[in-house]
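To keep things clear, I will list the structure first and then write my remarks on it.
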Amino acid sequence: EVLVMSSTILVFCFLMPWLAGCSKLTDAYVDDTLHADGSVLGNLIQGPCDEGSYSDWASLVLQPKQKAIKTLFTKNFRGNATFRYTPLVVVWFIVCMFTLLSTGMAMPFGLFVPHIMSGACLGRAFGIMIRDISGDD
């Protein structure tokens, strides 16, 4: 049971960034540390992408969850990188399902970080939706 669950999580985390593809960075704010509004710029990780591209999937599943959560709470990114709805909602669902399925298994893990991760994914998706509807940043 533990081996199957661990293998499934590893396969998902490794394959999704490869299957989802990459997004191109723009030249805006590539070498800067501050956005025009004075906020600090974050980084979305490159993952399996070529130079000048990024993967929002990789930023969610290929780095430690504490860094992924910090990334989800970052407003602006270098190169005008952004999260899309699909990875946020899918990662929210997968984290919730894996947390529910692995609760009570003979594998030690915490519940706090997965819940923060799932809530941050859903909150970021909701925030992007509200921003797109209102047209305001």
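The values are calculated or read from the model by the stated rules, or taken from the named source; none is laboratory data. The structure displayed is predicted, hence computed values, not measured ones. Heads up, the Cβs are rebuilt from the backbone with ideal geometry, glycines too, and the neighbour counts pull from every protein chain shown. Each accessible area value is taken on the protein alone, full model and side chains, heavy atoms only, with ligands, DNA and RNA left out. Shrake-Rupley method; radii C 1.70, N 1.55, O 1.52, S 1.80 Å.
Between the helical axis of 112-134 and the longest alpha-carbon principal axis of the chain there is an angle of about 40 degrees.
Which angle from 0 to 90°, rounded to the nearest 10, does the C-alpha axis of helix 2-20 make with the longest principal axis of the chain? Helix 2-20 and the main axis of the chain meet at about 20 degrees.
Using a probe of 1.4 angstrom and keeping all protein chains present, the accessible surface of the chain works out to 60 square angstrom per residue. Rounded to the nearest 20, the Cβ-based charge dipole of the chain about its Cα centre (Lys and Arg +1, Asp and Glu -1) stands at 380 debye. Summarising the amide proton neighbourhood of N76: residues at separation of 5 or more, or on other chains, whose placed amide H is nearer than 5 Å comprise G42. Prolate is the label for the stretch 80-132, because the ratio a/c of its alpha-carbon gyration tensor axes (a ≥ b ≥ c) is 1.5 or higher and a/b is greater than b/c. The peptide list 3-12, 43-52, put in order of mean Cβ contacts within 10 Å with the highest first, becomes 43-52, 3-12. Qualifying trypsin sites (Lys or Arg not before Pro) in the stretch 52-126, where qualification requires a DSSP coil assignment and no more than 12 other C-beta atoms within 10 Å, comprise K75. Dipole orientation for the chain: of the candidates F112, P17, Q63, F112 has the Cα lying most toward the positive pole (charges on Cβ; Lys, Arg +1; Asp, Glu -1). Proximity of backbone amide H atoms, modeled 1.01 Å from N, is registered between S53 and L25 at under 5 Å, excluding neighbours fewer than 5 places apart on the same chain. Computed extension gain for L111 through R84, at 0.36 nm per residue and net of the alpha carbon distance, reaches 7.1 nm. In the chain, the DSSP-assigned H stretches of four residues or longer account for a calculated mean residue ellipticity at 222 nm of -17500 deg cm²/dmol, using -39500 (n - 2.57) per stretch and the full residue count as denominator. As a fraction of the 1.4 Å probe accessible area of the chain, surface on carbon and sulfur atoms comes out at 66 percent.
The convex hull around the C-alpha trace of the chain, projected and averaged over every direction, spans 8.7 square nanometres. Applying a 4.7 Å Cβ-Cβ cutoff to the chain leaves C13, C96, C121 as cysteine residues with no disulfide-compatible partner.
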